[in-house]
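See structure below.
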Amino acid sequence: MSIQDFYFFEKFYSRTFLTVAFVVLYSTVKKQKKKFRWKSTHDVWLLTETISIEPYKWKYGSRERGEAFTTIAQNLRQIPNSGFPDSLGQRSVRTRFFELVDVFKKQEVREAKASGIHVEFDEKTKLLTDIVSRIDDYEKGFVQEKQVKQDKKDKEKLTAEDMRQTACERLGETSKRQEQNPLPRKRKSTEFMEYLKYKHDANKQTTEKQLKIREEELKIEKQKLDVQEGIQKQMLEQLKLQRESQQAMFTFFQTFMQKK
């Protein structure tokens with residue numbers, strides 16, 4: 001083999017190697033850049049799982065709410081032939097869910113202002129209507145619970161201030177009487193016993209007030225539990241119907257693919 005032939009083959013194999021490497025690199029980058037896009041079917045699956053898990057029953061920013069969205073993402077990835085990527089996580093699911101809720105609420109406002117508009121009430125709209133209603137119920141419960149705690153704190157503060165003011169007034173009156181009419185040493189012991197009795201009575205009144213506040217809190221918690229129980233019963237019935245519908249959809253899809 002001559003030197004010219006050697007250079008020719010060297011250039012040929014170098015160009016071939018570079019071409020193959022470029023094709024492989026381009027294919028890899030193209031696959032990485034392929035972004036998952038939510039479709040209406042994906043939204044229905046997401047909303048169905050959300051009704052089942054109910055992440056909105058936990059307060060915003062809580063650990064329980066984050067774990068709930070993580071569970072939803074795991075369940076969605078396990079749906080066969082759904083198209084959900086393996087990288088689907090809590091953040092993507094949470095962002096998409098609140099996007100759907102925000103769009104739905106804005107659409108409700110527009111429909112309320114307009115008149116004579118035909119609204120398409122499909123499965124996605126039914127799920128969002130149910131979810132928004134549940135979110136409102138839970139948020140009202142959060143606000144009510146916060147208000148009860150604030151009222152309890154205010155009452156305790158006022159009670160403490162009243163006790164302090166009354167004690168100061170009594171001590172002031174006692175000191176004034178002692179200056180005007182000095183009493184024997186035994187009288188001081190009697191006044192101390194009276195102060196202890198007054199303090200005991202004041203503590204008893206405070207305890208009774210706290211018991212009444214606690215009774216009110218228990219009533220409110222019972223009402224919340226009754227509401228949640230009713231919602232859960234309704235949710236189970238709807239979830240059963242939706243799972244039957246999904247199963248029929250999967251069966252039809254598999255049958256269609258086998259025939260194809």
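Filter region 38-92 down to residues that are free of Cβ contacts under 8 Å to residues at least 12 places away in the same chain and closer than 23 Å to residue 146 by Cα, then give me how many there are.
So the count comes out to 7.
Do the conditions hold for residue 107, that is, is it more than 21 Å from residue 212 (Cα to Cα), assigned by TED's automatic domain parsing to the domain that holds residue 62 and at pLDDT 75 or above?
yes
Please go through (1) at pLDDT 80 or above; (2) loosely packed, with under 13 Cβ neighbours inside 10 Å for residue 121 and return the number of the only condition it doesn't satisfy.
Among (1) at pLDDT 80 or above; (2) loosely packed, with under 13 Cβ neighbours inside 10 Å, the lone unmet condition for residue 121 is (1).
Return the only residue of 246, 234, 223 being surrounded by 10 or more Cβ atoms within 10 Å (Cβ to Cβ) and either more than 23 Å from residue 145 (Cβ to Cβ) or of a type in the set (Phe, Trp, Tyr) (or both).
Among 246, 234, 223, only 246 is surrounded by 10 or more Cβ atoms within 10 Å (Cβ to Cβ) and either more than 23 Å from residue 145 (Cβ to Cβ) or of a type in the set (Phe, Trp, Tyr) (or both).
Would you please name the residue that is farthest from residue 243 (Cα to Cα), looking only at residues in region 61-73 that are out of contact with any Phe, Trp or Tyr (no Cβ under 9 Å at 6 or more places or on another chain) and surrounded by 14 or more Cβ atoms within 10 Å (Cβ to Cβ)?
This residue is 70.
What are the residues in region 218-260 that are within 22 Å of the chain's Cα centre (by Cα) and under 30 Å from residue 163 (Cβ atoms), if any?
Passing the criteria: 220, 221.
List the residue pairs whose Cβ atoms are under 6 Å apart, where the first residue sits in region 120-148 and is assigned to a helix (DSSP H, G or I), the second is basic (Lys, Arg), and the two are 6 or more positions apart or on different chains.
These pairs meet every condition: 138/57; 141/224.
For every residue, the table says whether it meets (1) more than 19 Å from residue 133 (Cβ to Cβ); (2) at pLDDT below 60.
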| position | (1), (2) |
| --- | --- |
| 7 | yes, yes |
| 10 | yes, yes |
| 19 | yes, no |
| 24 | yes, yes |
| 50 | no, no |
| 65 | no, no |
| 89 | yes, no |
| 92 | yes, no |
| 96 | yes, no |
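The values are calculated or read from the model by the stated rules, or taken from the named source; none is laboratory data. As the structure is a computational prediction, the values presented were derived from the model and not from experiment. Positions of Cβ are generated from backbone atoms using ideal geometry, with glycine treated the same way; all protein chains shown enter the neighbour counts.
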